[in-house]
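Since every read-out is calculated from the coordinates, none of them should be taken as a lab result. If you're wondering where the values come from, they're calculated on a predicted model, not measured in any experiment. As a convention, Cβ positions derive from the backbone with ideal geometry for all residues, glycine included, and neighbour counts pool all protein chains shown.
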Amino acid sequence: MHHCSSLLQRTVDSVNLLQGLSNRDESARHEAAVTIQRIFDSWYFGFGSPAVAGFLETVANDTGGATLDTSMHGLITEQIPDLLRILHTAPSSDIRSAARDILRDLKIQKGFKIPNTVTSSPSFIQSLNTYILFREYWFQWGRLNNYINVMGYHPEYLECYMKLKDHLFRGDLPLPYPDRYYIAIIDDIYNLTHGGDSNPLKEALSLSELMHVVAILSHVHALACFIFGCGIRPEIDNYDGLINLNVDNCNEAYIYNNQTSNGSFQNNLHSSENGSTCSCLVEPWDDHTSENGNVNNQDSHNDEPSDVDGKLKASKLLKIIQTEDSSWEDVAEDIVAEQFLTAIISNSQCGWYLTQLSIGINTPQYQEQGSINPQILVDSEAVFPSNNMMKHIEKLSYHPLISRFLDSPQSGYKNFDARPFHATEYSWQEEGLPLADRLCTELGSLLDEKFRNAYDLTYNTLNGIQNVDTSLYRRTVWNEVQSFFGICHDDFRYDRVNRLLTTSQRAYLKLCSTFPVAVYTIQNLKFENIFPALSSSEMIHVILMIIEARQQACLSYILRAVSQCQVRNN
């Protein structure tokens with residue numbers, strides 16, 4: 001939050017100063033780096049704009065390289081976090097070299113304090129496809145977010161995600177460009193505080209504008225589920241410890257406080273096993289890139305299986321999947337309805353379970369059984385029980401940067417208890433997708449491509465076990481998430497959920513899809529304990545299915561309402 005305050009105090013020119021380093025043309029990037037260095041040199045000696053060639057050198061010789069005018073040093077200091085982010089995340093060696101040279105000059109020649117961090121290289125070797133997508137994302141958006149790095153485990157999905165994001169915010173759609181980002185920011189605030197649905201626009205909208213608004217809201221809300229669900233680290237330039245310039249002399253490394261993220265994804269995906277530090281002047285990409293910034297041409301899927309215990313649990317899960325698959329049979333609609341009602345009741349009770357894991361109620365019988373111990377069900381209406389969580393969320397609600405946008409701070413997810421939304425009554429594929437395309441060009445098709453990719457994505461493996469058909473498991477996760485929002489798939493046996501998913505897994509699916517910030521506040525949350533049978537990339541795939549199933553559910557409701565409105569008006 002401290003960084004948010006600092007960002008709001010910066011000028012547009014300050015925020016955009018380093019954008020030239022994301023130019024697609026390498027010569028243009030080089031010119032931008034030279035210009036940035038000249039600007040810093042001028043600010044260092046107290047001049048407001050780049051001086052003519054030779055003048056600063058003369059001043060430096062006359063003063064011995066020192067300066068008495070520090071009035072503009074703050075302009076340099078506020079760029080250091082961005083330079084460090086570029087150094088650690090830019091997917092091109094010339095960009096990283098430019099950032100490193102500028103930081104070295106600031107530290108050695110000008111005496112600026114460069115923050116320290118404990119960082120590491122990614123825990124997987126990027127495929128060529130992933131690297132190409134990373135470069136494209138950098139050139140499109142001027143940065144490579146941490147969550148994009150995690151999505152890079154699945155480049156096919158990442159490509160679909162990038163196309164949709166570009167279309168939502170830059171495509172030929174009805175909303176003005178500033179409104180698109182405003183809506184996204186407002187929805188971010190609601191996600192961060194209460195996970196509720198925002199209403200940023202008060203004026204009447206056309207159906208096309210409404211479709212665009214809902215697509216942005218559902219997109220950003222789903223992204224919050226991914227970020228909190230994976231335990232993604234804050235960006236380097238968004239973190240208070242960096243802004244405060246807490247300098248340490250240990251290997252000239254920039255100390256990154258790990259306490260801001262929970263779960264093993266921070267350990268597995270974002271930090272090295274030995275906890276070693278990287279010098280802030282040595283970029284993590286060096287382990288995986290050649291001198292020209294390329295990577296080895298690996299297969300698109302490169303995932304290490306977990307330990308022996310994980311493999312044993314994977315074998316057990318595989319047997320369950322195979323048993324379920326062999327016992328497939330059609331179920332009458334009344335039986336499906338009864339099973340769905342039972343699942344809804346069970347879903348309303350499982351929110352407590354995951355929080356209990358964080359305080360030690362993680363016994364084998366809880367993990368193996370599909371039922372819930374009634375002793376931990378104090379209030380089945382709550383999504384989670386922790387008073388500490390509530391205090392944390394309430395504190396965010398009253399932060400001055402976001403409180404102005406909260407008309408109803410108590411809004412949030414409520415357990416579903418209404419009439420089920422039967423997927424056969426309004427099909428996304430047959431009705432929702434075509435309507436979305438009619439209202440906003442190509443939007444429905446791009447959304448459907450992303451949904452299908454997350455649902456169908458498979459490498460036919462299960463934690464290193466080859467030639468595995470995971471379709472039933474994927475379908476179970478997808479349908480379970482949509483059941484939290486009342487969507488009933490009449491061709492699915494809901495009694496299988498308790499056999500394929502443990503109580504802790506179902507509780508995690510619920511928190512991640514309905515109140516993602518709650519996952520962030522749970523202490524000692526270990527993903528390998530919740531999904532012991534899955535590898536890292538498979539856990540990420542589960543979370544991708546969570547966010548896509550959630551977004552499809554939200555869009556199905558709004559598109560059905562639009563269809564009904566059109567019928568009434570006709």
Pairs K165/K313; K163/K414; K450/K510; K319/K450: which exceed 25 Å Cα-Cα?
K165/K313; K163/K414; K319/K450
Residue by residue through segment 528-540, which ³J(HN,Hα) values in whole Hz follow from phi under the Karplus form 6.51 cos²θ - 1.76 cosθ + 1.60 (θ = phi - 60°), with glycine and proline marked x?
5, 7, 7, 10, x, 8, 10, 7, 4, 5, 5, 5, 4
Within the set of other residues whose C-beta is less than 14 Å from the C-beta of E449, count the net charge using Lys and Arg as +1 and Asp and Glu as -1.
-4
Could you go through segment 75-88 in sequence order and give the Karplus-derived ³J(HN,Hα) for each residue, using 6.51 cos²θ - 1.76 cosθ + 1.60 with θ = phi - 60°, rounded to whole Hz, and x for Gly and Pro?
5, 6, 4, 6, 8, 4, x, 5, 5, 5, 4, 4, 4, 8
Pull out a ≥ b ≥ c, the square roots of the eigenvalues of the alpha-carbon gyration tensor of segment 455-532, then state rounded if a/c is under 1.5, prolate if not and a/b is larger than b/c, and oblate in the remaining case.
oblate
In whole Hz, what ³J(HN,Hα) sequence does segment 214-222 give by Karplus (6.51, -1.76, 1.60; θ = phi - 60°), x for Gly and Pro?
5, 4, 5, 4, 5, 5, 5, 5, 5
Using a cut-off of 11 Å between beta-carbons, work out the net charge of the residues near L317 (Lys and Arg +1, Asp and Glu -1, L317 not included).
+3
